[in-house]
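Here is the structure we will look at.
The values are calculated or read from the model by the stated rules, or taken from the named source; none is laboratory data. Note that this is a predicted model, so its numbers are computed, not measured. Cβ: placed from backbone, ideal geometry, glycine included. Neighbour counts: every protein chain shown.
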């Protein structure tokens, strides 16, 4: 049998076009970095200049700076003794990358260069093993064992997080949770400011809370109230609204504090005393860790990418989607299938990132029934399946034309200035009906007995220091340099 005579070093797989596309896309869309940082390393790049450029881009993004030519050159000048390429080599790679921007093929390009990098590394390890195995003074078992271990590392089976938890580790996790609870610490849940949830542990990591209501009943108000309560005690929250922009959302927050209606704040000249009240509240609220990304609400997939970025950059623990059916309208295909996929994606990202989602949903109208029920969730039963908690808002006062003068099953509670929150699904918190107040001027839900979130957790009125977001200048210690 003829022996093939190939110069394998020359035919080792590489795709410089894919490398350039990935670097160019990261320069122009740094929010995509969070999707690939766990799988993509500098070793996956074949070109020396591309390796160095990826290390620099990674360093800049991890230090929360904008990736551009100035920041890349500044980083090079700071660490040029460790980068291993000249400024000309770096500029050549940067010039080629800057001319490329391929977000549509980004994932495929990353997969390709990671695969090719793994193949090259495996070839090099096997060449070392082949050379050693014919050296009779070396122990054969040790050579084979070392080679297998090296290949496992390359494949990622040694260091990868498989997600598998054995019984001992799981028991330790439960014990830690019990000890935290005894110490008054609950790292796995967030206070919402409403006792129907907080009394049972709050919003838990990995959970999806669905708030359902008909139009103009108050689902956006309740979600924003919860988001504001969470942020007021230092929990970073992201809010994605397809109905309201940043200014309108913040006008509602200011309204809830001042009593001046959001409509007046946005559309009418304020009196001097009102201006003073607004100024005072704005100065108190400016450090609130509440983040709004208007640009991420055009597509659901873009919002999911934004959530990943928010987790990495600001440490958010909760994100709000207001609301699901509008996102579905922006997508082609069967509405029920689209909503099902979106609800499942929200659940998946919550479990993956250990965060919580508050998902708003419209209810299907029923001419006969004037009080909301769980089967009215519009679009898909998948919402119910994906949710851990489902809260329906019943507020007959919002629709006086219906002539409903009492809550279903409880005529003793006045409908004026109140709402019934019906927990129809309550994993870990149980089911029930809870009555809260509603201030239409402030668009604010509140506990009828005056309960405040700070009463329970000892909040002293000071906002917890938010996650550091100011710009970093390349003054890190040498041990932090990733080159």
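Is it the case that residue 243 is surrounded by fewer than 19 Cβ atoms within 10 Å (Cβ to Cβ), touching a strand residue (DSSP E or B) at 6+ places or on another chain (Cβ under 9 Å) and outside any loop (DSSP other than H, G, I, E, B)?
The answer is no for residue 243.
Name the one entry in 450, 437, 432, 409 that is at pLDDT 85 or above, loosely packed, with under 14 Cβ neighbours inside 10 Å and assigned by TED's automatic domain parsing to the domain that holds residue 283.
Testing whether each residue is at pLDDT 85 or above, loosely packed, with under 14 Cβ neighbours inside 10 Å and assigned by TED's automatic domain parsing to the domain that holds residue 283 leaves just 432.
How many of the residues in the stretch 364-385 are at pLDDT below 85 and touching a helix residue (DSSP H, G or I) at 6+ places or on another chain (Cβ under 7 Å)?
The total comes to 10.
Determine which member of the set 261, 256 is surrounded by 14 or more Cβ atoms within 10 Å (Cβ to Cβ), within 28 Å of the chain's Cα centre (by Cα) and under 26 Å from residue 437 (Cβ atoms). First the steps, then the outcome.
Details: 261 fails: within 28 Å of the chain's Cα centre (by Cα).
Among 261, 256, only 256 is surrounded by 14 or more Cβ atoms within 10 Å (Cβ to Cβ), within 28 Å of the chain's Cα centre (by Cα) and under 26 Å from residue 437 (Cβ atoms).
Of the conditions (1) buried (at least 21 other Cβ atoms within 10 Å of the Cβ); (2) over 17 Å from residue 241 (Cβ atoms); (3) more than 16 Å from the chain's Cα centre (by Cα), residue 350 fails just one. Which one is it?
(3)
In the stretch 80-99, which residues are modelled with pLDDT under 90 and surrounded by fewer than 18 Cβ atoms within 10 Å (Cβ to Cβ)?
Answer for the stretch 80-99, where residues must be modelled with pLDDT under 90 and surrounded by fewer than 18 Cβ atoms within 10 Å (Cβ to Cβ): 80, 81, 82, 84, 98, 99.
Just one of 358, 390, 415, 339 is modelled with pLDDT under 90, crowded, with 16+ Cβ neighbours inside 10 Å and within 30 Å of residue 309 (Cβ to Cβ); which is it?
None of the other options fit; the residue is 339.
Report yes if residue 42 is more than 21 Å from the chain's Cα centre (by Cα), under 22 Å from residue 309 (Cβ atoms) and touching a residue at least 12 places away in the same chain (Cβ under 8 Å), otherwise no.
Spelling it out, residue 42 is indeed more than 21 Å from the chain's Cα centre (by Cα), under 22 Å from residue 309 (Cβ atoms) and touching a residue at least 12 places away in the same chain (Cβ under 8 Å).
Mind checking which residues of the stretch 276-303 are part of a helix (DSSP H, G or I) and buried (at least 20 other Cβ atoms within 10 Å of the Cβ)?
To start, the set of residues in the stretch 276-303 that are part of a helix (DSSP H, G or I) comprises 276-285, 294-297, 300-303.
Within the stretch 276-303, 296, 297, 300, 303 qualify.
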